[in-house]
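The values are calculated or read from the model by the stated rules, or taken from the named source; none is laboratory data. Since we're looking at a predicted model, the values are computed, not measured. Glycine gets a Cβ as well: all are built from the backbone with ideal geometry, and neighbour counts include every protein chain shown. We work out accessible area using only protein heavy atoms, side chains counted, and drop any ligands, DNA or RNA first. Shrake-Rupley method; radii C 1.70, N 1.55, O 1.52, S 1.80 Å.
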Amino acid sequence: MVSDKKTAVRNTACSSCGALVPIYSRASVQVVCPFCRSTLVRTDMQWETVGKMATLADDLTPLFIGLRGKYGPTSFTIIGRLQQQYAEGIWNEWLLQLDNRKTAWLGEGSGLFYLTVPSTTTETLPAFASLSLGQSLTLDGKHYSVSNIENARCIATEGEIPFSADPGHSANLVDLAGELGSFANLDYSDEQAKLYTGKTLNLNELQLEAIDNRELKQQPSKELRCAGCGNAVTKQNPASLIVVCASCSMVNNIAAGGKLIVAFSQATLKQRPSITLGSHGVLEGHSYEAIGFMSREADGDHWVEYLLYNPSQGVRWLVCAYGHWSLLRPAKTQSYSQDSIFFNGRTYKHFSNYTARVEGVLGEFYWQVKRGERSGCTDYICPPYILSCEKTDTEILWSEGYYIAGEEVAAAFTSREISTYGVGINQPSPAILDYLATYFITMALAVFVSIIFASNHTQTINIGRLDLTPNAKTAKLVSEPFNLESAHGLFQVQTDTSVNNNWADFEYSLVNQATGETRVMNREVAYYSGYDSDGSWSEGSSSDQATLSNVVAGTYVLEVDAETENTYGSNPAVSAHITATHANNSGNNFWLLFWGLGIGPLLAGLNKYFFEKKRWDQSDHPWEHFE
């Protein structure tokens, strides 16, 4: 739960309009009257009007003054805003009043949020001119890399802030990214650099009050005219810095006052969006509007990217390459090696490095997109997931996403489905594990059924009794003819004897009465026991089983020849009782099923191998070199 509504520490009267202006932080130096937008600056304990504050630029931020939230155990209320313009877009810094009466800053940009507090370090901070993009450094005991270098200009302020900020004032700023989402900012707005440290957050980590139903602020409808052809151009979103004419594909920069200025022509734009710009689609349970379309190229490969926006979820990128789709969101900057990255519990393998070039754009974008603009890109994959890094001259941006089926995209935006070609770099591999699981479950079921089936179709034949007496150490038993009913099966002879400290050899001859075919088995039955210094002992058994497989139906006779040593003295007479069983040869059926179904996993394995080979042949690590 978030905290209750904050109580002002004091109220001051606006000397311009007379309205009472609440002050929530004792550290505030400047506050903007919410009624007449006069700027009040504190001198000692008095608040004086120094003029009108410039109007804030409209943007797509979901945040606003008075919004409450919670991060970890700490509740906060947004009490101020500093809006800054950099070379390619707008950045907001929100002042948070914490429940312990301290303050913190919440930066907002590139689809992520950055919670920071002033550092108390006394170490000497690096000079602005000494820093370069990607440079590693250690500050306040933590390791960082430079992820952004900008010169930002103050557009306007809102609410209260702890220093005086004049519109138009510019400052050099450097963003630093560390491990596990740590973040730092170097502010060179004064002679003495300041360090702010904190963490990179996603919007849902802030536990904000429900803002899904808060309508996005819209500018009053204005008639804009394309600077190229003069036709009317509609601006859908207030944060847009460029808008593309639907009639002539001219890219227009939006200047002050809403005037359109030609940025570049796209008369030869080849690729057209399959998703209608301005349409809405539900992905991940949220409705997103498609507000921008960009076609890009690298080393002869072409793909398109759609900019999606939802007020409570922020921006997403829907990327399509050869019919393969991925949905990506801004991600925390990573400390990466050339080979792999461990992120969100998954290990991503390096796939490729390439230079992407902008071929054309349609719709609107909240930063300045330039035709031919190039950026260095690196992809890491853990199918179906992907982690991408994009580096420009001033910024390093990361995004994470996952593979999404084309039919899901088509259903979400009611668009045509694009045919796929080849293997997507993060396309899921064929489900060989699911196939193997089904295979082994089927095998277990086959074993169970074969056992049940065999036990219900067993035929028992009583062969007879055979005796080895003191007068004869050999004997012969010939059974009566018997019919075996099963088409084919196992024929098993069970012999139970009275051998004791003796042995007996048996030869079984199964004779098919119709064909004369004879199948012979030889077995020895021996059992010995006695006593020694360690006590009683025994070895062998007085019973035995002999088995013939694949015995077909028909009329048979079993001939048994037995032999033992003389049965005089300590070797008494030996008797043997012989029975036979004939059962369905379910074992053969089982192995036939085993090998038959085994073709499936074999083919699945080959399919997976060639699938992965096609994937990695597109990478910087062709399959034959990939481990």
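Within the stretch 352-404, if we keep just the residues that are aromatic (Phe, Trp, Tyr) and assigned to a strand (DSSP E or B), the residue that is farthest from Tyr309 (Cα to Cα) turns out to be Tyr354.
Can you find a residue in the stretch 164-182 that is open to solvent by 20 Å² or more (accessible area, probe 1.4 Å), at positive phi and free of Cβ contacts under 8 Å to residues at least 12 places away in the same chain? Looking through the stretch 164-182, at least one residue is open to solvent by 20 Å² or more (accessible area, probe 1.4 Å), at positive phi and free of Cβ contacts under 8 Å to residues at least 12 places away in the same chain. Any residue that is modelled with pLDDT of 85 or more and either over 30 Å from Asn483 (Cα atoms) or open to solvent by 50 Å² or more (accessible area, probe 1.4 Å) (or both) - is there at least one of those in the stretch 580-594? The answer is no, given that none of the residues of the stretch 580-594 is modelled with pLDDT of 85 or more and either over 30 Å from Asn483 (Cα atoms) or open to solvent by 50 Å² or more (accessible area, probe 1.4 Å) (or both). Taken over the stretch 66-100, the criterion of being more than 16 Å from Gln207 (Cα to Cα), touching a residue at least 24 places away in the same chain (Cβ under 8 Å) and open to solvent by 30 Å² or more (accessible area, probe 1.4 Å) is satisfied by Gln85, Tyr86, Ala87, Glu88, Ile90, Trp91, Asn100. Being under 15 Å from Thr547 (Cβ atoms), assigned to a strand (DSSP E or B) and either among the hydroxyl-bearing types (Ser, Thr, Tyr) or in contact with a Cys (Cβ under 7 Å, 6 or more places away or on another chain) (or both) is a property that Tyr508 has.
Of everything listed in (1) at pLDDT 75 or above; (2) on the phi < 0 side of the Ramachandran plot, the single unmet condition for Gly134 is (2). Of the strands (runs of 3 or more DSSP E) entirely within the stretch 233-351, those holding at least 2 residues that are modelled with pLDDT of 85 or more and closer than 27 Å to Ile404 by Cα occupy 280-283, 286-298, 301-310, 314-321, 324-331, 340-343.
Note on the stretch 453-484: residues that are closer than 16 Å to Leu548 by Cβ and part of a strand (DSSP E or B) amount to 7. In this entry, Ser119 passes the filter for residues that are of a type in the set (Ser, Thr, Tyr), within 30 Å of Lys391 (Cα to Cα) and either touching a strand residue (DSSP E or B) at 6+ places or on another chain (Cβ under 9 Å) or surrounded by fewer than 22 Cβ atoms within 10 Å (Cβ to Cβ) (or both). Flag not set for Ala504, criterion: among the small types (Gly, Ala, Ser), closer than 21 Å to Val574 by Cβ, open to solvent by less than 50 Å² (accessible area, probe 1.4 Å) and in contact with a Lys or Arg (Cβ under 6 Å, 6 or more places away or on another chain).
Residues of the stretch 450-480 that are open to solvent by 80 Å² or more (accessible area, probe 1.4 Å), at pLDDT below 65 and out of contact with any Ser or Thr (no Cβ under 6 Å at 6 or more places or on another chain): Ile451, Asn456.
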